[in-house]
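The values are calculated or read from the model by the stated rules, or taken from the named source; none is laboratory data. These numbers were taken from a predicted model, which means no experiment stands behind them. We place every Cβ from the backbone using ideal geometry, glycine too, and count neighbours over all the protein chains shown.
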Amino acid sequence: MAPVPFRTQLLRRKPLAARGGPGGPGGPELGRSIGTFSLMMFGVGATVGTGIFFVLQEAVPDAGPAVVVSFLVAGLAAGLSAICYAELASAIPVSGSTYSYAYHALGELVAMVIAACVLLEYGVSSAAVAVGWSGYFNELTGSVLGVRLPQELSVSPVPYEDGPTGWINLPAVVLVLLCMLLLVRGASESARVNTVMVLIKLAVLGLFVVVGFSAFEVDRFDAFWAAGAAGVSAAAATIFFSFIGLDAVSTAGEEVRDPQRALPRAIMGALAVVITVYVLVAIAGVGAQPASEFESPEQQEAGLSVILQNITGSSIPGTVLAAGAVISIFSVTLVTLYGQTRILFAMGRDGMLPSRFARVNPRTLTPTYNTVVVAIVVALVAGFVPSDYLWDTVSIGTLGAFIVVALGVLVLRRTQPDLERPFRVPGYPVTPVLTVVVCVYILSGLPAVTWAIFGTWLAIVLAFYLLWGRRHARLNDPATARGEGV
């Protein structure tokens with residue numbers, strides 16, 4: 001077999017025929033056991049995290065009562081990306097999400113760049129969210145049971161500015177390992193647990209909305225546009241990251257029953273649920289107290305819980321909300337870990353990683369090896385690194401993925417015009433082009449140190465690809481490169 005030229009390796013695209021299948025060039029497949037509703041809850045579970053419990057305290061000082069508009073603007077930006085995901089997910093219903101879409105549409109080198117983005121997004125966010133969960137869990141057990149873990153077992157040993165240090169963040173490690181056990185049991189079991197947790201946290205946020213409307217006063221929306229367009233834009237940029245997570249739906253493309261119908265429905269359904277909940281929370285929060293009170297130190301530290309306590313005069317609703325935040329973060333960690341393992345599975349099946357990453361447990365039809373490896377790495381990061389060092393790097397990975405999905409829609413419409421697309425992006429080509437513009441605008445505001453961290457990680461991934469991945473890629477086989485034998 002003649003060697004494939006270097007330039008050809010970098011630019012080659014994976015044929016749409018070679019998408020998987022036992023015995024075919026795509027390699028093994030995962031079991032299809034997830035329904036549309038459970039899949040939609042994946043998107044809601046990965047998106048509705050701690051952000052909504054605290055984002056009002058950051059956004060209202062910027063936009064005032066017009067923060068409601070800021071939520072709609074941020075939802076529009078996330079919605080544009082979600083619409084693009086829906087088209088590609090319906091046309092290419094496989095594991096791997098953005099990595100797989102890029103491999104089919106834009107070529108092998110771009111696929112590896114995006115692999116670096118999404119692995120960073122899911123891996124780092126899993127660790128950062130677990131660290132955040134540790135703090136909420138310790139606070140909740142302290143207020144309810146009067147028991148708190150000592151600082152040595154609840155704080156990482158790596159210092160951040162003048163913050164405290166300990167030996168290990170044990171609750172964060174335990175959370176990751178619990179999620180690992182759930183994922184090892186099977187995708188359907190994980191989906192069921194996630195659905196229950198999502199319904200609980202939506203009920204908790206519903207409690208906030210009901211209590212907030214009981215203290216609603218219309219005059220708190222006076223001077224609605226006092227902060228102007230600049231204030232609304234600044235708040236929208238802050239709020240945008242509360243919508244990150246909708247792309248998690250597409251990582252489950254190969255484990256969904258009737259994926260070409262279920263994937264776009266789940267993505268759009270999750271988007272609708274998230275926007276509705278966020279806007280209701282914003283209206284209830286702003287209507288329940290003067291905008292100036294959102295800047296108080298108490299609000300900054302305890303978020304929505306303080307609003308409930310001020311309205312009811314009792315700490316019980318605030319405690320319930322804190323419990324909802326703990327459950328909320330648990331489901332986010334579960335789904336982001338899940339997404340990470342499926343991306344690694346797709347890469348292993350393509351030959352970009354050792355074949356062990358493409359092995360499927362014959363009983364559960366899940367990639368057990370991937371799950372254990374990812375959990376160990378994430379647990380180590382969560383146990384020993386403060387979340388403050390982690391959050392900014394998530395942004396580049398997410399926005400990079402959004403951009404590539406939009407470009408993938410544009411490219412495949414030209415190169416594969418006859419490809420079956422059960423869902424088609426409305427407003428084409430304006431919608432994907434606008435998605436790219438919005439994401440590039442948000443990327444431009446990230447600090448230089450974040451770009452440096454991302455650049456280092458990208459260099460590591462590309463070095464691995466150039467030295468190992470391109471030599472072992474399945475597309476080196478001429479039959480696979482032509483999409484034959486499926």
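The table that follows gives values for the structure above.
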read-out: Segment 132-167, residues that are under 25 Å from Thr450 (Cβ atoms) and either in contact with a strand residue (DSSP E or B) (Cβ under 6 Å, 6 or more places away or on another chain) or in a loop (DSSP other than H, G, I, E, B) (or both); value: Ser134, Val155, Ser156, Pro157, Val158, Pro159, Tyr160, Glu161, Asp162, Gly163, Pro164, Thr165
read-out: Residues of segment 189-215 satisfying the condition of being buried (at least 16 other Cβ atoms within 10 Å of the Cβ) and farther than 20 Å from Ile329 by Cα; value: Val211, Gly212, Ala215
read-out: Leading residue by the ranking (nearest to Ala46 (Cα to Cα)) among those in segment 333-392 that are surrounded by 21 or more Cβ atoms within 10 Å (Cβ to Cβ) and among the basic types (Lys, Arg); value: Arg342
read-out: Residue under evaluation Val55, criteria (1) aliphatic (A, V, I, L, M); (2) under 21 Å from the mean Cα position of the chain (by Cα); (3) at pLDDT 85 or above, criterion not met; value: (3)
read-out: Some residue of segment 107-130 being touching a strand residue (DSSP E or B) at 6+ places or on another chain (Cβ under 9 Å) and at pLDDT 80 or above; value: yes
read-out: When residues of segment 420-446 are limited to those that are in a loop (DSSP other than H, G, I, E, B) and under 21 Å from the mean Cα position of the chain (by Cα), the one surrounded by the most Cβ atoms within 10 Å (Cβ to Cβ); value: Leu446
read-out: Per-region count, segment 139-176, residues among the small types (Gly, Ala, Ser), under 23 Å from Leu337 (Cβ atoms) and without any contact (Cβ under 8 Å) to a residue 24 or more places away in the chain; value: 1
read-out: Condition check for Gly455: in a helix (DSSP H, G or I) and surrounded by fewer than 18 Cβ atoms within 10 Å (Cβ to Cβ); value: yes
read-out: Selection status of Val433, modelled with pLDDT of 90 or more and under 22 Å from Arg265 (Cα atoms); value: no
read-out: Residue in segment 355-374 that is of a type in the set (D, E, K, R), modelled with pLDDT of 90 or more and not in a helix (DSSP H, G or I) present; value: no
read-out: Test: Leu76 is among the aliphatic types (A, V, I, L, M) and either at pLDDT below 85 or closer than 19 Å to Val198 by Cα (or both); value: yes
read-out: Which numbered condition Ser233 fails, given (1) more than 22 Å from the chain's Cα centre (by Cα); (2) in a loop (DSSP other than H, G, I, E, B); value: (2)
read-out: Any hit, segment 216-223, residues being surrounded by 22 or more Cβ atoms within 10 Å (Cβ to Cβ), of a type in the set (A, V, I, L, M) and either part of a loop (DSSP other than H, G, I, E, B) or within 21 Å of the chain's Cα centre (by Cα) (or both); value: no
read-out: Residue satisfying all of: in segment 81-92; in contact with a Ser or Thr (Cβ under 7 Å, 6 or more places away or on another chain) and more than 11 Å from Phe243 (Cβ to Cβ); surrounded by the fewest Cβ atoms within 10 Å (Cβ to Cβ) among these; value: Ile83
read-out: Any hit, segment 229-250, residues being touching a strand residue (DSSP E or B) at 6+ places or on another chain (Cβ under 9 Å) and either under 29 Å from Val210 (Cα atoms) or modelled with pLDDT under 80 (or both); value: no
read-out: Residues of segment 39-73 satisfying the condition of being polar (S, T, N, Q) and buried (at least 24 other Cβ atoms within 10 Å of the Cβ); value: Thr47, Ser70
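For every residue, the table says whether it meets (1) under 24 Å from Arg32 (Cα atoms); (2) part of a loop (DSSP other than H, G, I, E, B); (3) touching a helix residue (DSSP H, G or I) at 6+ places or on another chain (Cβ under 6 Å).
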{"position": "Leu88", "(1), (2), (3)": "yes, no, yes"}
{"position": "Pro93", "(1), (2), (3)": "yes, yes, yes"}
{"position": "Thr98", "(1), (2), (3)": "yes, no, yes"}
{"position": "Ala111", "(1), (2), (3)": "no, no, yes"}
{"position": "Ala116", "(1), (2), (3)": "no, no, yes"}
{"position": "Val129", "(1), (2), (3)": "no, no, yes"}
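Listed here are the residues, each with its yes/no results for (1) among the acidic types (Asp, Glu); (2) at positive phi; (3) touching a residue at least 12 places away in the same chain (Cβ under 8 Å).
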{"site": "Ala63", "(1), (2), (3)": "no, no, yes"}
{"site": "Leu76", "(1), (2), (3)": "no, no, no"}
{"site": "Glu87", "(1), (2), (3)": "yes, no, yes"}
{"site": "Tyr101", "(1), (2), (3)": "no, no, yes"}
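Here's the yes/no breakdown for (1) aliphatic (A, V, I, L, M); (2) touching a Gly at 6+ places or on another chain (Cβ under 8 Å); (3) without any contact (Cβ under 8 Å) to a residue 40 or more places away in the chain; (4) surrounded by 19 or more Cβ atoms within 10 Å (Cβ to Cβ):
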| site | (1), (2), (3), (4) |
| --- | --- |
| Val256 | yes, yes, no, yes |
| Gln260 | no, no, no, no |
| Leu263 | yes, yes, no, yes |
| Met268 | yes, no, no, yes |
| Thr276 | no, no, yes, no |
| Val279 | yes, yes, no, no |
| Ala284 | yes, yes, no, yes |
| Ser292 | no, no, yes, no |
| Glu295 | no, no, no, no |
